[in-house]
Amino acid sequence: MILYPAIDMKEGRCVRLSQGSFDAVTVYEEDPAKVARAWEEAGASWIHTVDLDGALAGRAVNLDALSAVVKSVGIPVQTGGGIRNMEQIEEKLRSGVRRVIIGTAAVKDPDFLRRALKEYGPERILVGIDARGGFVATEGWEEVSRMSAVSLGRKMYEMGLRTAVYTDIERDGMLCGPNVKATGELARETGLAVIASGGVSRMQDLEELERAGIPGVILGKSLYEKRIDLSEAIRTYERR
């Protein structure tokens, strides 16, 4: 199981939201690149980043901060937030990221996802499936659709997608435990390799996700609040 320490960027700083609310922001570090180096030194094999401003604006806002993160570490970086067209994917890849995560646009413009998968392949293109109450949310989690996460996952697998990041918005940043049931269901029902996100607060949560067959987990607030030691978690779940 791969562990992805998260760096969420807002106004160039490293922050965390609670339940995806832009009114509930905690700033943890002014320099995201400094955080990335710390995670690499702790043994991380990947860095996960999100352009929170970009998710609302529909374009790259924290590109300079993202580029600084990429340049500061020797491990691969994946990123999401505000990616709506092929030019923006290319822009992110030119910055040096390994994988691009499409969110809102994958729901609202399936043809765009098809083009991206054809051009770059499923190794470089992921989709962020963000759900509130089991239904897909878009536009920086501000809008909730009528499509279930499982239905969306099935359609995207048929398009050629192979990996998705699943976020339970109601648990994100709340340290209340991940939605293991919904995450496992998404993986079983769609065939996708699912990276879990949202709610992880302790090592036991990682144990439960591993038992559910989840191949990847994004760690955010649990690291910043020192609920989980990244080095220990990597030794236990990624390198054993």
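Summary of values
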item: Surrounding net charge for Ala42, when Lys and Arg each add one and Asp and Glu each subtract one, Cβ distance under 14 Å; result: 0
item: Solvent-accessible ranking of Cys176, Cys14, largest area first, probe 1.4 Å; result: Cys176, Cys14
item: Carbon + sulfur, % of accessible area of the chain - ligands and nucleic acids excluded, 1.4 Å; result: 43 percent
item: Structure-derived volume of the Cα convex hull per residue in Å³ - corresponding label in (1) 104; (2) 237; (3) 140; result: (1)
item: Share antiparallel - DSSP beta bridges, segment 1-138, percent rounded to 5; result: 40 percent
item: Highest average packing first - 26-37, 72-83, Cβ atoms within 10 Å; result: 72-83, 26-37
item: DSSP-defined antiparallel bridges as percent of all bridges, the chain, nearest 5; result: 30 percent
item: Surface per residue (accessible, 1.4 Å probe) for the chain, Å²; result: 42 Å²
item: Largest to smallest accessible area among Lys118, Lys221 [probe 1.4 Å]; result: Lys118, Lys221
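The values are calculated or read from the model by the stated rules, or taken from the named source; none is laboratory data. Predicted model only: the values in this text are computed from it and were never measured. Using ideal geometry, Cβ is built from the backbone for each residue, glycine included, and neighbour counts are taken over all protein chains shown. Remember, those area values only see protein heavy atoms, side chains included, never the ligands or the DNA or RNA. Shrake-Rupley method; radii C 1.70, N 1.55, O 1.52, S 1.80 Å.
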